[in-house]
Amino acid sequence: KAKENTGSHIEFFSQNLNEKINSQFVLENNLWFALDNDEFYLEYQPIIDIESTKIVSAETLTRWQSKKLGLIPPYKFIPIAEENNLIIPIGKWVLKEACRQNKEWQDMGIAPITIAVNVSLKQLEQDDFVDTVNEILEETGLDPKYLEIELTESIPVENISHIINVLSSLSGLGIKLSIDDFGTGYSSLGQLKKLSIDKLKIDKSFVNDINVDTDNTQIVSTIIAMANILKLQVVAEGIETNNQLSFLKENHCDMGQGFLFSRPLGKDSFIEFLKNNSK
Ligand code: C2E
Ligand code: MG
Ligand code: MG
Ligand code: MG
């Protein structure tokens, strides 16, 4: 009996693993053609100035609407794209589309906002990344001060000097730089100062725990205080409740983003949000 049970267990797990490998394989195969087939589109999530409640920027979030597989969330396709370097052409398309779109909004006469774009380390490591960004800005005509690049915190030490140079060039162009998901990685204060960073985005796992978990609540207020000392702006991600918002306001957090204000929106809904917010 015992033997039989073990046997079925092994089968159960290996079948799951097989399915997992299979679906990764199918995803990757389709991902190769997604760009050429125009299967990506962008959503925009408003970022609000907590004091004035005005929208100051929007984060670009990439969506893959696969004709074969349906809508695939970024947590499923971004890691695959990073593994096989498809993130380089995809990321370039995202940057260009975000800049083009922001310039179009400005040309419509709406109060200018900054567009924030998530950039993978793989992109940053390309020798021509700064040139690529520069070309995109020239082609789209967007003023660099309205572009922000979001980087996740985990910057490998082996590459640090190259990254420092790239970030300082980008900053020199007038582009804003922020550290995404702050608190989940391992960057040191000393590193932050060398990285020409303008902004920290507090990871939503901490924001979610405001007034729920004492440690995480204190982590939020400590990150805000630290950002103030370092003269960095600070954004809280994943704000869902008024309770969280009040805490952030009392602790002088500059900006906020989350379902409480708005979910990520398609471009038509976003423009409505912009128009209503600037009234
Ligand atoms: P992120 O950059 O930290 O983006 C914020 C994520 O939190 C988004 O998930 C957003 O929809 C979600 N979010 C915003 N407000 C709330 C809230 O109040 N509650 C909750 N529960 N979630 C909230 P999304 O769109 O699924 O994106 C996930 C991640 O995928 C992003 O995390 C980013 O790391 C990555 N990603 C998305 N687009 C791109 C891209 O174009 N390039 C790269 N390299 N990564 C991307
Ligand atoms: Mg982000
Ligand atoms: Mg984040
Ligand atoms: Mg994230």
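Bear in mind these aren't lab numbers, they're just calculated from the coordinates by the rules spelled out. Predicted model only: the values in this text are computed from it and were never measured. Cβ atoms come from the backbone with ideal geometry, glycine included; neighbour counts cover every protein chain shown.
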Which value, in debye to the nearest 20, gives the size of the charge dipole of the range 138-186 about its Cα centre, when Lys and Arg are +1 and Asp and Glu are -1 at the Cβ?
-> 180 debye
If you count, for each residue, the other Cβ atoms within 10 Å and average over each peptide, how do 119-129, 227-237 line up from highest to lowest?
-> 227-237, 119-129
Per the helix-only model, the chain has a calculated mean residue ellipticity at 222 nm (DSSP H runs of ≥4, -39500 (n - 2.57) each, divided over all residues, rounded to the nearest 500) of -16000 deg cm²/dmol
Of all DSSP beta bridges with both partners in the chain, the antiparallel percent, nearest 5, is 40 percent
Starting from the Cα coordinates of the chain, work out the convex hull volume and express it per residue in Å³.
-> 173 Å³
Distance between modelled label sites at Ser161 and Leu173, nm, 7 Å Cα→Cβ extension | 2.4 nm
Relative to the longest principal axis of the chain, what angle (0 to 90°, nearest 10) does the C-alpha long axis of helix 129-140 take?
-> 60 degrees
Compute the length gained on full extension between Trp93 and Gln106: take 0.36 nm times their separation in residues and subtract their Cα-Cα distance, giving the result in nm to one decimal.
-> 2.7 nm
For Thr114, which sequence-distant residues (separation of 5 or more, or a different chain) have an amide H within less than 5 Å of its own amide H, given hydrogens modelled in the peptide plane?
-> Ser57, Ala58
Computed FRET value (nearest 0.05) for Leu35 with Leu121, which takes r as the C-beta separation and R₀ as 30 Å | 0.90
Under a Cβ-Cβ cut-off of 10 Å, what is the net charge of the residues other than Asn208 that fall near it, where Lys and Arg count +1 and Asp and Glu count -1?
-> -4
Mind listing P(r) for the range 130-278? All alpha-carbon pairs, 10 Å bins, whole percents.
-> 10, 35, 34, 19, 2
Starting at the first residue of the range 29-43, write each ³J(HN,Hα) from the Karplus equation 6.51 cos²θ - 1.76 cosθ + 1.60 with θ = phi - 60°, in whole Hz, x for Gly and Pro.
-> 4, 6, 4, 4, 9, 4, 5, 4, 8, 6, 8, 9, 9, 10, 10
Rounded to the nearest 20 debye, dipole of the range 216-279 from Cβ charges on Lys, Arg, Asp, Glu | 180 debye
Karplus-derived 3J(HN,Hα) from phi for the range 97-114 (6.51 cos²θ - 1.76 cosθ + 1.60, θ = phi - 60°), whole Hz, x at Gly and Pro, runs 5, 5, 5, 4, 5, 5, 4, 4, 4, 5, 5, 6, x, 7, 3, x, 10, 8
